[in-house]
Amino acid sequence: MTEQKVFIIGLPRTATTSTSIATLSLGFKTAHTAYTQKAMQEAQVISDAPIFCDYQQLDNQYPGAKFIYLSREFDKWLPSIRQLLERMYPNLQRTDGGSNPIMKRCFNHTFSPLTLENIAKDAFLLDCYNRHYNEAIAYFKGREQDLLTIDVSKVGSFKQLADFLGVTGIDPQQTFEHVNIGKKVAFWKQIKHPLKVESTNNGRIDSVKENRQSKSAR
């Protein structure tokens, strides 16, 4: 079993929660989002924000880390990401509160320019997806051994994940748990597991961490 950091860099609504649940079951300390330095240091596997935005900086920060790109068929991803962005949009754009600043930065950068008009356009969302995917593939060119790309809906993808993480004895027919269906996108909060790592410190994030990442992302 690997002791390396593992960063799940797929975009939101590509099964980041299902994959995080899977890594818990495989014996890894896992954080679904990490907004404190403690969470970043304690977790072996981290997904979602800020990972999908900051994976290149994290690659430099954690030499030897492994990366997992989650792909999803467009006809499934488009309505799902649109619903999420429409729901999150007011809090992502508020200047007097709303979503935490790390989340705001990551979503506004990855889905730029983030407007309701653009969210409604399939072509815009697909361009964001393809840009993110192509940048990741180009970044890891020549280092394919460090990057696993899977679609969790495909047969054998769970075993691919386990193999990549160095976990043996997995049934080839094992599948991912299907969660966060429709408008229900907070399943991770319900998870009670000894290896689950909280993404915040009692709801608070590290302002120092965000300031450092914001500067490195410019």
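Do the conditions hold for residue 10, that is, is it part of a loop (DSSP other than H, G, I, E, B) and closer than 17 Å to residue 193 by Cα? No: the conditions fail for residue 10.
May I ask you to say which residue of 146, 151, 163 is acidic (Asp, Glu), open to solvent by less than 70 Å² (accessible area, probe 1.4 Å) and either in contact with a Pro (Cβ under 7 Å, 6 or more places away or on another chain) or farther than 18 Å from residue 77 by Cα (or both)?
Values: 151 fails: either in contact with a Pro (Cβ under 7 Å, 6 or more places away or on another chain) or farther than 18 Å from residue 77 by Cα (or both); 163 fails: open to solvent by less than 70 Å² (accessible area, probe 1.4 Å).
Answer to the selection: 146.
One residue alone among 53, 106 is open to solvent by 10 Å² or more (accessible area, probe 1.4 Å), touching a Cys at 6+ places or on another chain (Cβ under 6 Å) and either among the aromatic types (Phe, Trp, Tyr) or touching a residue at least 12 places away in the same chain (Cβ under 8 Å) (or both), and that residue is 53.
Determine, yes or no, whether residue 120 is surrounded by fewer than 18 Cβ atoms within 10 Å (Cβ to Cβ) and among the aliphatic types (A, V, I, L, M).
Numbers: surrounded by fewer than 18 Cβ atoms within 10 Å (Cβ to Cβ): yes; among the aliphatic types (A, V, I, L, M): yes.
Against the criterion (surrounded by fewer than 18 Cβ atoms within 10 Å (Cβ to Cβ) and among the aliphatic types (A, V, I, L, M)), residue 120 qualifies.
Here is a yes/no grid of residues against (1) under 17 Å from residue 9 (Cα atoms); (2) modelled with pLDDT of 95 or more:
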position	(1), (2)
66	yes, yes
72	yes, yes
100	no, no
105	yes, yes
108	yes, yes
124	no, yes
132	yes, yes
138	yes, yes
145	yes, yes
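The set of residues in the stretch 15-47 being part of a loop (DSSP other than H, G, I, E, B) and either in contact with an Asp or Glu (Cβ under 8 Å, 6 or more places away or on another chain) or open to solvent by 20 Å² or more (accessible area, probe 1.4 Å) (or both) consists of 15, 27, 29, 33, 35, 36, 44.
Do we have residue 47 as among the hydroxyl-bearing types (Ser, Thr, Tyr), over 24 Å from residue 201 (Cα atoms) and at pLDDT 95 or above here?
Numbers: among the hydroxyl-bearing types (Ser, Thr, Tyr): yes; over 24 Å from residue 201 (Cα atoms): no; at pLDDT 95 or above: yes.
The answer is no for residue 47.
The values are calculated or read from the model by the stated rules, or taken from the named source; none is laboratory data. Bear in mind the structure is a predicted one, so any value in this text is a computation, not a measurement. FYI the Cβ positions are ideal-geometry reconstructions off the backbone, even for glycines, and counts take in every protein chain you see. Surface accessibility is based on the protein's heavy atoms, side chains included, excluding ligands, DNA and RNA. Shrake-Rupley method; radii C 1.70, N 1.55, O 1.52, S 1.80 Å.
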